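Enquirer: This is the structure I want to talk about, given as structure tokens.
No lab work stands behind these numbers, since they all come straight from the coordinates. What you see is a predicted model, and the numbers here were worked out from it, not measured in a lab. A quick note on method: Cβ atoms are made from the backbone with ideal geometry, for glycine too, and the neighbour counts reach across all protein chains shown.
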Amino acid sequence: RGVRVVGPEDGPLAEGESGPGRLAEPAAIIAALAGGAGSAAPLASKAVAAPAFVASSAQLDGLRIVISAGPTFEDLDPVRYVGNRSSGKMGYALAAAAASQGADVVLVSGPVHQTTPAGVRRIDVRSAAQMRDAVLGAFPADIYIGAAAVADYTPKRVVAQKIKKTGETLTLELVRTPDILAEVAAQTGALKLVVGFAAETHDVEHYARGKLAAKRLDLIIANQVGIEGGGFESDNNAATAYWQGGERAFPSSSKTELADQLLALIAERLQA
């Protein structure tokens, strides 16, 4: 009684193994403590000051935020799929941080090995089409953060049986998937802020600003992938946020810290 337990998270461990055993992310621990502050007995007699980012982001308190995270898998047959290397770490860090700041968070997640943050409602999906339906079904909301790496193309036909090796080459016909971010942004007046992500290997600002304009986003968070110490599978990342008439760079830090910084910017842009 009077004790809250935040268990270990699933993820990569030593010796190349994977499973439960990782220390929970700081934002998840803070969210668990904040969620039980009204019912649990004090953990200590001495008052502990809340982290600065929690106090400074009160603008998110009570807002409904829908966040997409992770990859989508587009099935070819019962065995194979077209996918990408997104780990979902950035989206999950954003969800944990937003929940710790009092937001009502819905997390639409592709297939990942991440633990659901405390206080977050998680909806699991597999394909881009399923993610679209889940995201749109989670509205109305105040903010949408599209942090998922959604497949741009999906197989035109899913084969019922495993595709057998019959020749030297194999041709697959792919068709475009729904553009979730553009569809959400087109719902004029439905949300206060629509935030996208752009993961690029080169010409990051060029492609990010192009996406910002083409999809009519309020804010886009761009980062370079395929480099050491950052990107999809790393625990760290650097990013630059772009909006109409402005930008802000965030140097490399843990994705947990970056999530706090990005949410502070999002709260700031809400007032712009």
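Enquirer: Over 28 Å between Cα atoms: which of Lys162/Lys211; Lys89/Lys215; Lys156/Lys192; Lys156/Lys211 fall into that group?
Expert: Beyond 28 Å between Cα atoms: Lys162/Lys211; Lys156/Lys192.
Enquirer: Counting C-alpha atoms alone, how compact is the range 55-158: give Rg to one decimal and Dmax as a whole number, in angstrom.
Expert: 14.3, 51
Enquirer: Please give the net charge around Arg132, taking every other residue with its beta carbon less than 14 angstrom from that of Arg132, where Lys and Arg add +1 and Asp and Glu add -1.
Expert: Net charge around Arg132: -3.
Enquirer: Let me ask you something else. Can you tell me how much longer the chain between Glu168 and Val6 gets when fully stretched, taken as 0.36 nm per residue apart minus their C-alpha distance, in nm with one decimal?
Expert: So the chain would gain 53.1 nm between Glu168 and Val6.
Enquirer: Over the alpha-carbon set of the range 52-270, work out the extent along each principal axis and list the three values in angstrom, largest first.
Expert: 61, 34, 33
Enquirer: Which distance in nm do the two modelled labels at Leu270 and Ala182 give, with both placed 7 Å along the Cα-to-Cβ direction?
Expert: Taking the two extended label points, one gets 2.9 nm.
Enquirer: With r as the distance between the Cβ atoms of Ser252 and Tyr153 and R0 = 35 Å, compute the FRET efficiency 1/(1 + (r/R0)^6) and round to 0.05.
Expert: In this case the efficiency is close to 0.65.
Enquirer: Would you kindly work out the equivalent ellipsoid of the range 108-203 from its C-alpha gyration tensor and give its semi-axes, the square roots of five times the eigenvalues, largest first in whole Å?
Expert: 30, 17, 14
Enquirer: Using a 7 Å offset from the Cα along the Cα-to-Cβ direction at both Ala213 and Val79, what is the distance between the two label points in nm, to one decimal?
Expert: 4.7
Enquirer: For the range 157-199, what ratio Rg/Rh do Cα atoms give with a Kirkwood hydrodynamic radius?
Expert: Expressed as Rg/Rh, it is 1.27.
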